[in-house]
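Q: Take a look at this one; I'll ask things after.
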Amino acid sequence: MSTFRKKILIAHVVVFLLFLGLMFPFASTTMKRIVMGAMQLRADELIAKIQAAPSEEALARRLKNQKHLTFFRVTVISQERFILYDSHTKLMLGPRFSQEYIIDHPDVVDAFDKGTGYSENYSDLLGQKFAYLSKSFAFQDSTYVLRIAFPHQYLEEISNSFEIGFLTLCTLVLLAFSIMSWAVIHKLTGPIQQITDAIKPYHQGAADEIPEIAIQSTDPKDDFVGLAQTLNSLSKRVKGQIDSLKQERNERAAILDALSEGVIAVDASLIITYINPRAQDLLSAKAEEFMGSKFVVTKLPLCQDLLLKCLEQRKVQSDTLEMQKGRKRLFLDAVALPSGPHGGAILVLHDISAESKMLEMRKDFIANASHELKTPITIVKGFAEALHDNPELSKEIAHEITGKMIRNCDRMNSLVKDLLALADIENLPASSMAKIDLLDLATECKELLVEHHPSTLIFLSTDEAGKYLVTADKGLLRQAIMNLLENATRYSPQPAQITIELKSMEDMVQLEVADKGIGIPEKDLEHIFERFYTVDKSKSQKRGGSGLGLAIVETIVHKHYGSVRASSQVGEGSTFVITLPHA
Ligand code: ADP
């Protein structure tokens, strides 16, 4: 049952009980009034019958003859307060009865004073309680009082049965009225129940949406139909607003999730309220571990200081920090921004490790390049000064010095060539790419190498497939292969033994250059493709190397969407494998 109906039922019960409570005293006073009215009527009737009697004896006689009008005890009292007549006392007392009994009952006193008197009293003589009504009347120029008595027991009986009857009737009427009004209310509140029933599943959490409320009514102007329609349009609008808010939130969440920056939101007391996936990745932790915890759990004291300052001053704060993530060292730009009306803040972490590394590499590159150029320049300058200062030097010594100067100039030349090559590769135009046969190119390189190093033993082999077409800049790819072949001769005891092997795979072509040279120690293998990296600087320089050869190979191969790898065994030889996609 709905609360509304329950309230109506309770109100009815309360009204009913109140009604009964009020009706009880009303019924009993009404009854008393009715009985008193009847007694007065009877007294008036009796007075009318006896008033005209010629003497007191005649009056008493006439009263005796009116037995049909007296229902219990009747007394007539003279002005001197003597009992002139008493219907019962004389009978009961017999000869002991005396007319001189003085009557001073309150009702009699009232009757003499005011005309009428009423009292209820216990009669010792008759052994029961009576209701007395006294009424004065004029008789033979004097005032007499007629007193009639009515047994209180009958009065109570009559009044009780009246009350019971009256109240039963009232109850029945009220009950009938209640049932009728209940039925009417039930009918009227039916639509409210329908509305409540329709909304209930949403209210109890069983449904996600406020359902459409349908009122079964034939009258379109029905107030409840109007109410249902208003609620329906209201819930539609609310749903629309919730949907758009949800969408907005999802979009924002998607943006935050996709950000390459780590984002952490905190409230005014530094409790973490949001952490995006990138921040979780940077801190190597799951959101559940951080959400709702103090910022201190992130173990980023510098960021905590930034956030505290930002919360305090409500101003953007930024700094750069260094942190360890596993085996990696990360450099982060940290920015703390004030957010929201409740005094929170947002921390944005931008990983600048790659940029830092690039910057570092650039610095190293410039330093290395300068250093590599400075050494031969110093040597050449030294020799030139020696020649300048000593014009008397023998022809042989001068020849030797100039030879050294030429070799150093060659070294500088090849270094500058390598540096320019690296710069060129970075700016490789797409138009220079064409389909080339790797077998033709490898054969060309083999011949070139033999031209430079006639003693070298070089073999070229292919597999059965025989298809080695790739899309490439021929000049650059030639340079990459020549660098590998030059290294193979450079780092092998003479005459160098080199094999070039071509393999055609599903969507790749492989070119393998293997030698039986000095090999590369394992610890150096992972670094040999770095710019200016040399396993043994003096040996490398002696052999005319600058540490840029393999870096050039890797850069060229990467420009062709391929890869290069090396394997080696010290004292046994090295193998370099270039893999390129099929054209
Ligand atoms: P470099 O100009 O010094 O040869 P590279 O970049 O070509 O520079 O090679 C880097 C280092 O790798 C060399 O210093 C050398 O020690 C080693 N290396 C390269 N190729 C070979 C090879 N075929 N055999 C042994 N060591 C090699």
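Q: So, in segment 428-443, how many residues would count as being surrounded by fewer than 13 Cβ atoms within 10 Å (Cβ to Cβ) and in contact with an Asp or Glu (Cβ under 7 Å, 6 or more places away or on another chain)?
A: Qualifying residue count for the region: 1.
Q: Related question: Looking only at residues in segment 562-581 that are polar (S, T, N, Q) and within 8 Å of the ligand (Cβ to nearest atom), which one is most open to solvent (accessible area, probe 1.4 Å)?
A: 568
Q: Also, I was wondering about something else. Residue 446 passes all but one of (1) modelled with pLDDT under 95; (2) open to solvent by 60 Å² or more (accessible area, probe 1.4 Å); (3) assigned to a helix (DSSP H, G or I); which number fails?
A: Condition not satisfied by residue 446: (1).
Q: Restricting to segment 224-253, what's the tally of residues that are within 30 Å of residue 185 (Cα to Cα) and loosely packed, with under 11 Cβ neighbours inside 10 Å?
A: 1
Q: A further question follows. Scan 279, 334 and give me the residue that is in contact (Cβ under 8 Å) with a residue 12 or more places away in the chain, assigned to a strand (DSSP E or B) and open to solvent by less than 80 Å² (accessible area, probe 1.4 Å).
A: 334
Q: Of 504, 538, which residue is more than 9 Å from the ligand (Cβ to nearest atom) and without any contact (Cβ under 8 Å) to a residue 24 or more places away in the chain? Quick ask: steps written out before the conclusion?
A: Values: 504 fails: without any contact (Cβ under 8 Å) to a residue 24 or more places away in the chain.
When all the criteria are applied, what remains is 538.
Q: Across segment 509-535, what is the total count of residues that are within 8 Å of the ligand (Cβ to nearest atom), open to solvent by 30 Å² or more (accessible area, probe 1.4 Å) and under 30 Å from residue 464 (Cβ atoms)?
A: Within segment 509-535, residues that are within 8 Å of the ligand (Cβ to nearest atom), open to solvent by 30 Å² or more (accessible area, probe 1.4 Å) and under 30 Å from residue 464 (Cβ atoms) number 0.
Q: Across segment 454-475, which residue is nearest to residue 558 (Cα to Cα) among those that are open to solvent by less than 60 Å² (accessible area, probe 1.4 Å) and within 16 Å of the ligand (Cβ to nearest atom)?
A: Ranking the candidates gives 458 first.
Q: Being free of Cβ contacts under 8 Å to residues at least 60 places away in the same chain and in contact with a Phe, Trp or Tyr (Cβ under 7 Å, 6 or more places away or on another chain) narrows it down to one residue among 379, 401; which is it?
A: After ruling out the rest, the residue left standing is 401.
Q: Only residues that are touching a residue at least 60 places away in the same chain (Cβ under 8 Å), more than 7 Å from the ligand (Cβ to nearest atom) and not β-branched (Val, Ile, Thr): list them for segment 541-561, please.
A: Kept after step one, since they are touching a residue at least 60 places away in the same chain (Cβ under 8 Å), are these residues of segment 541-561: 541, 544, 546-553, 555-557, 559-560.
Next, only the ones that are more than 7 Å from the ligand (Cβ to nearest atom) stay: 541, 544, 552-553, 555-557, 559-560.
Correct list: 541, 544, 559, 560.
The values are calculated or read from the model by the stated rules, or taken from the named source; none is laboratory data. All figures in this text were calculated on a predicted structure; none of them were measured in a lab. Because the Cβ atoms are built from the backbone with ideal geometry, glycine has one as well, and the counts that use them run over all protein chains shown. Quick note on the areas: whole protein, heavy atoms, side chains included, nothing else; ligands and nucleic acids left out. Shrake-Rupley method; radii C 1.70, N 1.55, O 1.52, S 1.80 Å.
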